[in-house]
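The block underneath contains the structure these notes are about, expressed in structure tokens.
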Amino acid sequence: MSAPAIEASELTAPHEEQKNYLNADHTVASWLLTGDHKRIAIMYLISVSFFFMIGGIFAGLIRLELISPTGVLLESETYNKIFSAHGIVMIFLFLVPSIPAVFGNFLLPIMIGARDLAFPRMNLASLYVYWLGGGLITLGLLTGGVDSGWTFYTPYSSLYSNSQVSLVIIGIFFAGFSSIMTGLNFIVTVHKMRAPGMTWFRLPLFVWSMYATSVVMLLGTPVIAITLLLVFAERTLHLGVFSPELGGDPVLFQHLFWFYSHPAVYIMILPSFGVISELMANFSRKRVFGYHFVAFSSLAIAGLGFLVWGHHMFVSSQSMYQGVVFSLVSFLVAVPSAVKVFNWTATMYKGHIRLQTPMIYAIGFIGLFTVGGLTGLFLACMGTDVHLTNTYFIVAHFHYVMVGGAMMGFLGALHFWWPKMTGHMYNDTWGKFNALLVFIGFNLTFFPQFIVGFLGMPRRYHYYYIAPEFTPYHIMSSAGASALAVGLIVPAFYLVSSLRGKRKASANPWGAHGLEWQTASPPITLNFVETPIVTDEVYDFSHMDEYEQRRGTAEMTHPGEGLQQDKNLDIVGTKEDK
Amino acid sequence: MGNYPMAPPQASNFAFEHDLIFYSLVVLTVIFTVIVGAFVLFFAFRYRQGNQVNRSRPFHEHLPLEITWSVIPLLLGLVMFFLGAKLFVNMRVPPKDAMEIFVIGKQWMWHIQHSNGVRENNTLHVPVGRPVKLTMISQDVIHAFYIPAFRVQYHVVPGRYTMEWFTATKPGEYHLFCGMYCGTQHSEMVGTVVAMEPKEYAKWLANGGNTAVPMSMEQAGAKAFSVRGCNNCHTGSDTERAPSLYGLFGKTRKFTDGSSAIADGAYIRESIFNPYNRVTQGYSYQTMPAYAGQLSEEEVLDMIAYIKTLGSPASAATNAPATGVMGGGVNPPKTPAVGAMGARESAAQPRTNLAVGALSRQNGEGR
Amino acid sequence: MASVAEDHGHGDMVVHVHHQFENIDQQNESYIVGMWCFLVTEIMFFGALFIMYILYRWNYQQDFYGAHLELSQPFHMFGLQEFPIWGSINTTALLISSFTMVMAVRAAQLRQKMVVLKNLGVTCVLATLFLVIKFTFEWPPKFQHHLVPGPNFHPHAEVLHGAAPRASEIFFSLYFAMTGLHAIHIIAGIGVIGALMFLWNKGATSVTEDYVPTEMIGLYWHFVDLVWIFLFPLFYLIPA
Ligand code: HEA
Ligand code: HEA
Ligand code: CUA
Ligand SMILES: [Cu+2]
């Protein structure tokens, strides 16, 4: 497959199927042994979606069980295993790998004009290690489950729990290695593989945020790996370092755990920040306001994020003075997040805003993340954390940031880059309607949890018959969860059915800016026919307006129509970079 | 809105201040969410594609604006930090005259000992208007003692004493939850906190908490001290075998490694469970057996109470609250008796005490 | 891998440039950045253990002193009552191996095949010596004395030298965890050095024409040595 061949076939025979990374080869082995970052990304997409579904089914069971103060169908032990499984699957197998391993993998090399990541074989290895981890965790869940919560606090997890903690811990250990490999690959790629002309400040903000994420992955994950390994050793060999019975210190475990797990929440949210920056720019057709501030705030969050872990431990018997410092830094880390939120808002000012599906998700993200982040301040504030810690207020806080924030970002990314990844356009009306449903269902599910948390409902409670006054809020929450579940099932249908649909996506169905939109949809195996040379600034829509005019606004708001015209205007490869 | 409570009752000295901060944060959240939300929606509407509005001179960088929206959140954040930290520090420093109650958490119940020996499970009776300090420890995994109406919560950790304090302000019955996940029946490790008028509380306490447990912690401790054979080594005076524990509490001890510490409850507990950690000057390693795993936390609390009474000048004051409220009713044996006994330098004393203790203990166990 | 045979850039054709790279320089720089990133994760990995060690040593100073005496065999040297003879030999071995590694990298830059092979060989031998000492003279006595943490941990009082059993169990937990993890790194090191020697011996251009692979393995080896340089005083040389 040489470059001119593609272009020629494109021009002369637009109906003939062109070669791309998807149809380059059809054997199973060509997928399982591929080094192509795009194929690996697709395999990751399928895997994390699978685990998201599993985690979602667990969430459904939790909500079902909590409708009544005395439970509906489970034993307490089973309930505990279910919320633990929900947390573990959602965090370690869905949210941490989600955006980096799927969209980061797919887009990062294309966005910087590279043919692939620096280490394709390591990339593939990371997928296999992820599968191994996922497999072990699934095995653990099938052969008895874990009941230690996703936080594995010792000595409960190490000496008291008689569930499959060991197996699951090893699974998480491997999942962690997979994210180290991804992070390392990204850092090297961003440093060394940028196309000529792609300076640091021409990098799309998604790349900046992936870079910051990778730094966190690299620095944080080894710590959780060794910590969990020691819990494993304590369980199996009685190598006691975390249990008071064995002379160890349980609070030390918490320090080490949160040293990773707080930065890990930024592993989950930073990629979404990147996605939202892209969406805001491309759907406002305007350069992101305060590009440098948004870029550096990602790094600031990544850095400061390593200094706040103790805010999870205000009441854990760490020293009061430590707590004061952690609380202070937690308030500081809110500032770069605030900077991002305000800059996104300002980006819309005087833009040409198109309210298409991805943009609806982006707007939803801003609202929900703001609420989620600001309620984080209630917890960073020591005096109020004493009351709110370990209650549903926290559950609500982190679902607002993780589901309302990170997962909305994931869905936004999915809807934005879907045509690029698959070459097919989905139905935008369905998408918009569904985004609204997710937004409403989400708020109905998790807003009541703030109230019931303030009332004092502890988290990880199976029964609350002692406090029946909590019931109405739980019922609301469960009702909302049903709506949310529908909102998350529907995309599966319209997205998958789009694959068989006739609506082929052009190279740039959104009129977006960025190298990934200058190559074909779906891209060819090595991304570009020729290494692009970057000459224009990032998010520079000025020359795009011309393109816009030729194409007509009406079609832009209904992508997928007027495709014939499209093909002639915007062809594979690098239009202006040649 | 009877069916839809929006806030937990305010029933302690911290509740008001807590809620003040909480609602300030709510206001902050609402303001910022509304501002951000309003702008986003307004822009989305006004600058929608195809709407003919003035879009001239859009700008992409604006330093003053960036500084404004960094500094305002920063300042607001610092204010909230300060208010929160102040309240927290207050919550962590109990007043000197606080009345002490002991809490032991175990899977899956709360065991509570008042210092005159009244014990209760999953219920905590406290007087209104008096600072109460809970000294807490867990026998197995980590729990958390959480009283939403009082806005207090703290982890109950195995291997170390933790503390939380409050002054109840409104009589009534409130929820008591275990906040930290601790295993299968975590959600059933719950109970009630009963805040009573001081008079009623005194009556309740004098009645032995309606349950006949007329052995004080000191007595139980004295009994354990001899049953466990501590008195084989620790006698009325320093011997070659072991130091005397008389007057130990509150004293500064010097250790073989040159360091020193004040002998408080935590030190005594450590000395019992893990005596080789810090060895008193003049004694060698491994004389005293390590009792870790052999004594329950309850026994150790009792022994500490007992050791406190051994001729320590502070003993009278410490026990004052417990004895002070003992009015009529079934009188539990008075604590001072033990203290007085302790003052006498006789190794045989604890045994005498045992006779009394053993009898009354049997009653207690009917509970 | 769907590698494209042709050379995309303008690097010399001798060394294979993988399809994702423009030229040999980009490839080499990527490898080096990657290696440093990897070492950073290693530092965090061991770092967590070191933090743990420091905390427990702080908590159990006396006991750590007592327990550490058992690591020293009863040799009297340099005025020391107990001298960690095996630990010292091992430290020396690793220091020398680091030196020979430097020599190997230098020779690789000068493309002196035999010198490279000799130096790498010595490095390997020293590393093996380290493992042999560890697994025959250092660890087995701990097994005999029931000093391995876990249900079988019930040492005689004299091997604890006055340390409390609980605290010494932690000491030995950390000892086995940290030196064990380090030993795994040594074994991996022998593996990669062996592979490198094989390539040099074969005259593979990927190493002979390009010193970067040799240099990277050198970096790794220095890191492994450095970890030991910290482990040795922490476990073997605790002052009373
Ligand atoms: C994606 C994940 C994510 C993100 C991004 C965050 C973001 C934040 N979190 Fe959250 N958090 C979690 C996931 C996350 N958290 C999880 C999973 C837990 C529970 C773990 C468990 O126990 O199971 C948790 C728990 C948790 C606690 C511990 C509570 C406890 O256990 O007692 C605390 C305490 O400080 C906290 C604080 C914060 C803060 C200050 C932020 C900040 O980064 C937020 C910053 C953002 C904003 C502030 C909003 C935007 C700003 C403005 C609109 C301007 C206005 C700003 C000001 C006036 C300052 N979080
Ligand atoms: C990425 C992270 C993530 C995500 C996406 C979610 C999503 C959801 N979570 Fe989760 N949650 C956590 C992370 C996450 N959670 C964590 C870390 C904990 C703490 C665990 C611990 O304490 O250890 C937790 C705990 C937690 C609790 C508290 C349990 C307790 O403390 O007792 C609750 C209760 O309502 C809850 C509910 C939900 C709901 C309703 C959703 C919904 O948003 C999910 C909606 C998704 C779907 C429903 C899937 C799509 C639908 C299908 C595939 C169809 C099949 C499903 C059905 C028909 C139901 N979660
Ligand atoms: Cu005890 Cu939860
Ligand atoms: Cu955090």
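The values are calculated or read from the model by the stated rules, or taken from the named source; none is laboratory data. Model, not experiment: these values are computed from the prediction. FYI the Cβ positions are ideal-geometry reconstructions off the backbone, even for glycines, and counts take in every protein chain you see. Note: accessible area is taken over every heavy atom of the protein model, side chains too, but ligands, DNA and RNA are not part of it. Shrake-Rupley method; radii C 1.70, N 1.55, O 1.52, S 1.80 Å.
For the reader, a short list of remarks on this structure follows.
- Checking each residue in region B:3-23 for being out of contact with any helix residue (DSSP H, G or I) (no Cβ under 7 Å at 6 or more places or on another chain) and open to solvent by less than 80 Å² (accessible area, probe 1.4 Å) picks out B:Asn13, B:Asp19.
For (1) more than 9 Å from chain A (Cβ to nearest Cβ); (2) closer than 20 Å to A:Thr347 by Cα, each residue gets a yes or a no:
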| position | (1), (2) |
| --- | --- |
| B:Ala7 | no, no |
| B:Ser24 | yes, no |
| B:Thr29 | no, no |
| B:Phe45 | no, yes |
| B:Gln52 | yes, yes |
| B:Arg55 | no, yes |
| B:Leu87 | no, no |
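- Subset of region B:121-134 (residues that are surrounded by fewer than 21 Cβ atoms within 10 Å (Cβ to Cβ) and more than 17 Å from B:Asn13 (Cα to Cα)): B:Asn121, B:Asn122, B:Thr123
- Filter pass, A:Pro419 being out of contact with any helix residue (DSSP H, G or I) (no Cβ under 7 Å at 6 or more places or on another chain) and either more than 7 Å from every other protein chain (Cβ to nearest Cβ) or open to solvent by less than 10 Å² (accessible area, probe 1.4 Å) (or both): yes
- Filter result for A:Thr391 (closer than 30 Å to B:Phe82 by Cα, in contact with a strand residue (DSSP E or B) (Cβ under 6 Å, 6 or more places away or on another chain), surrounded by 24 or more Cβ atoms within 10 Å (Cβ to Cβ) and not aromatic (Phe, Trp, Tyr)): yes
- Of everything in region B:138-153 that is in a strand (DSSP E or B) and within 13 Å of ligand 3 (Cβ to nearest atom), the residue that is surrounded by the most Cβ atoms within 10 Å (Cβ to Cβ) is B:His143.
- Looking only at region B:36-52, and only at residues there that are surrounded by 14 or more Cβ atoms within 10 Å (Cβ to Cβ) and not small (Gly, Ala, Ser), the one that is farthest from A:Val339 (Cα to Cα): B:Gln49
- Matching residues in region A:228-273 - criterion: being within 23 Å of C:Glu42 (Cα to Cα) and in contact with a His (Cβ under 9 Å, 6 or more places away or on another chain): A:Gln254, A:Phe257, A:Trp258, A:Ser261, A:His262
Residues checked against (1) within 11 Å of another protein chain (Cβ to nearest Cβ); (2) more than 30 Å from B:Ala292 (Cβ to Cβ); (3) modelled with pLDDT of 95 or more:
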residue	(1), (2), (3)
A:Leu203	no, yes, no
A:Leu218	yes, yes, no
A:Ser243	yes, no, no
A:Ser261	no, yes, no
A:Lys286	yes, yes, no
A:Phe293	yes, yes, no
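- Here B:Arg55 passes the criteria (1) assigned to a helix (DSSP H, G or I); (2) surrounded by 13 or more Cβ atoms within 10 Å (Cβ to Cβ) except the one numbered (1).
- Against the list (1) of a type in the set (S, T, N, Q); (2) more than 22 Å from A:Leu414 (Cα to Cα); (3) within 14 Å of chain B (Cβ to nearest Cβ); (4) away from ligand 3 (no atom under 16 Å from the Cβ), the condition A:Ser277 fails is (2).
- Hits in region B:89-110 - residues which are hydrophobic (A, V, I, L, M, F, W, C), open to solvent by 50 Å² or more (accessible area, probe 1.4 Å) and either at the interface with chain A (Cβ under 8 Å from one of its Cβ atoms) or not in a loop (DSSP other than H, G, I, E, B) (or both): B:Val89, B:Met109
- Whether a residue is part of a helix (DSSP H, G or I), of a type in the set (A, V, I, L, M, F, W, C), farther than 26 Å from B:Gly179 by Cα and away from ligand 3 (no atom under 16 Å from the Cβ) was assessed, and A:Leu228 does not pass this test.
- Screening region B:257-282 for residues that are open to solvent by 50 Å² or more (accessible area, probe 1.4 Å) and modelled with pLDDT of 80 or more and picking the one that is farthest from B:Thr162 (Cα to Cα) gives B:Gln281.
- Region A:152-162, subset assigned to a loop (DSSP other than H, G, I, E, B) and facing another protein chain (nearest Cβ under 8 Å), residue nearest to ligand 1 (Cβ to nearest atom): A:Tyr153
- The set of residues from region B:154-190 being part of a strand (DSSP E or B), within 12 Å of ligand 3 (Cβ to nearest atom) and under 18 Å from A:Pro155 (Cβ atoms) comprises B:His155, B:Val156, B:Pro158, B:Cys178.
- The residues in region A:374-388 that are small (Gly, Ala, Ser), within 7 Å of chain B (Cβ to nearest Cβ) and touching a residue at least 24 places away in the same chain (Cβ under 8 Å) can be counted, and the count is 0.
- Taken over region A:236-250, the criterion of being of a type in the set (A, V, I, L, M) and either surrounded by 21 or more Cβ atoms within 10 Å (Cβ to Cβ) or within 14 Å of ligand 1 (Cβ to nearest atom) (or both) is satisfied by A:Leu239, A:Val241, A:Leu246.
- Test: residue in region B:151-159 that is more than 10 Å from chain A (Cβ to nearest Cβ) and not aromatic (Phe, Trp, Tyr): no
- Within region A:261-283, not a single residue is more than 9 Å from ligand 1 (Cβ to nearest atom) and open to solvent by 10 Å² or more (accessible area, probe 1.4 Å).
- Residue satisfying condition, being in a helix (DSSP H, G or I) and either open to solvent by 10 Å² or more (accessible area, probe 1.4 Å) or under 16 Å from A:Phe92 (Cα atoms) (or both), within set A:Phe206, A:Phe174: A:Phe174
- Any hit, region B:193-202, residues being open to solvent by 10 Å² or more (accessible area, probe 1.4 Å) and either of a type in the set (Val, Ile, Thr) or within 28 Å of B:Ala266 (Cα to Cα) (or both): yes
- Boolean, A:Thr199 is among the polar types (S, T, N, Q), within 16 Å of ligand 2 (Cβ to nearest atom) and open to solvent by 10 Å² or more (accessible area, probe 1.4 Å): no
Here is a yes/no grid of residues against (1) in contact with a Gly (Cβ under 6 Å, 6 or more places away or on another chain); (2) open to solvent by 40 Å² or more (accessible area, probe 1.4 Å):
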{"residue": "A:Leu437", "(1), (2)": "yes, yes"}
{"residue": "A:Ile440", "(1), (2)": "no, yes"}
{"residue": "A:Pro448", "(1), (2)": "no, no"}
{"residue": "A:Ile451", "(1), (2)": "no, no"}
{"residue": "A:Met457", "(1), (2)": "no, no"}
{"residue": "A:Pro468", "(1), (2)": "no, yes"}
{"residue": "A:Ser477", "(1), (2)": "no, no"}
{"residue": "A:Ile489", "(1), (2)": "no, yes"}
{"residue": "A:Ser498", "(1), (2)": "no, no"}
